Amino acid sequence: MVAAGAALADEVGLANLTMGSLAERVGVRTPSLYKHVNGQEDLNRRIAALALNEAADAIGAAIQGYAGRDALETAARAFRAFVLQHPGRYAATIGAEPSGPDDPLATAGRRLLGTFTAILRGYEIAEPDVDHALRTLRSLFHGFATLQVANGFQWNADIDESFEWLIAFADRGLRAL
């Protein structure tokens with residue numbers, strides 16, 4: 001049920017995903033969905049956990065064998081590709097808060113952060129600065145990808161070239177630390 005909801009969210013946007021539209025997609029009546037999820041909020045949280053796990057898998061696989069700038073670049077590309085391919089499910093991750101440390105959402109979030117933390121090891125970031133570096137990378141990559149998904153780059157400069165600038169900028173900043 002969650003995978004079907006995530007796929008539908010990617011097609012129609014998370015804001016347009018409803019229990020009714022999901023029921024129609026999977027060929028059941030809406031009340032039948034409540035055997036699997038506890039309502040829209042629960043569905044969205046489960047989609048968020050799925051998305052975080054999928055992103056962690058994609059980025060983790062992409063950075064295998066890489067370090068430093070190569071790992072950063074590969075992760076950035078994998079993250080951007082994930083958001084562009086799965087905008088609805090990724091949108092579910094924004095603002096989703098775990099209910100506790102054992103919440104699947106928390107576990108999935110730690111997995112994704114772990115991939116970016118691994119990249120930072122190649123830059124020898126001091127332990128007190130790791131959280132700041134993680135927030136910086138997330139802001140850069142998230143911001144770029146979500147702006148691109150929303151068609152927020154409405155000028156003539158090549159988007160891929162701008163993304164290369166972003167990667168180079170992040171690499172220089174991390175090396176400067």
Checklist line | Charge dipole (debye, nearest 20) of segment 12-51; +1 at Cβ of Lys and Arg, -1 at Cβ of Asp and Glu | finding: 100 debye
Check: Can you work out ³J(HN,Hα) from phi for every residue in segment 114-129, in order, using Karplus 6.51 cos²θ - 1.76 cosθ + 1.60 and θ = phi - 60°, giving whole Hz and x for Gly and Pro?
Finding: x, 5, 6, 5, 4, 4, 5, 4, x, 10, 6, 6, 4, 3, x, 9
Notebook entry, point to check: For the charge dipole of the chain, defined by +1 on Lys and Arg C-beta atoms and -1 on Asp and Glu C-beta atoms about the Cα centroid, which residue among Trp165, Val37, Ser99 has the Cα displaced farthest towards the positive pole?
Noted result: Val37
Notebook entry, point to check: Where a ≥ b ≥ c are the square roots of the eigenvalues of the C-alpha gyration tensor, would you call segment 56-177 rounded, which needs a/c under 1.5, or, failing that, prolate if a/b is larger than b/c, or oblate?
Noted result: oblate
Note to self: Can you compute the charge dipole magnitude of segment 1-134 about its Cα centre, using +1 on each Lys and Arg Cβ and -1 on each Asp and Glu Cβ, nothing else charged? Give it in debye, rounded to the nearest 20.
What the structure shows: 440 debye
Next item on the list: Could you sort 26-39, 148-161 so that the peptide with the highest average Cβ count within 10 Å comes first and the rest follow in order?
Entry: 26-39, 148-161
Item checked: Rounded, prolate or oblate (a/c below 1.5 giving rounded, otherwise prolate when a/b exceeds b/c) for segment 116-177 by Cα gyration tensor -> prolate
Notebook entry, point to check: When the helices in the chain are scored as -39500 (n - 2.57) per DSSP H run of 4 or longer and the sum is shared across all residues, what 222 nm value do you end up with, to the nearest 500 deg cm²/dmol?
Noted result: -23000 deg cm²/dmol
Margin query: Output wanted: per-residue J couplings in Hz (rounded whole) for segment 88-98, from phi through Karplus 6.51 cos²θ - 1.76 cosθ + 1.60, θ = phi - 60°, x for Gly and Pro.
Written below: x, 5, 5, 4, 5, 7, 6, x, 6, 10, x
Note to self: Give the separation of the Cα centroids, segment 71-98 to segment 1-49, in Å.
What the structure shows: 20 Å
Check: Can you give the angle from 0 to 90° between the axis of helix 130-149 and the longest principal axis of the chain, with both taken from C-alpha atoms, to the nearest 10?
Finding: 60 degrees
Item checked: segment 79-118 shape via C-alpha gyration tensor axes, a/c threshold 1.5 -> oblate
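Readers should treat all values here as calculations from the given coordinates under stated rules, not as data from a laboratory. Everything numeric here is computed off the predicted structure, so don't read it as measured data. Please note: Cβ atoms are built from the backbone with ideal geometry, for glycine as well, and neighbour counts cover all protein chains shown.
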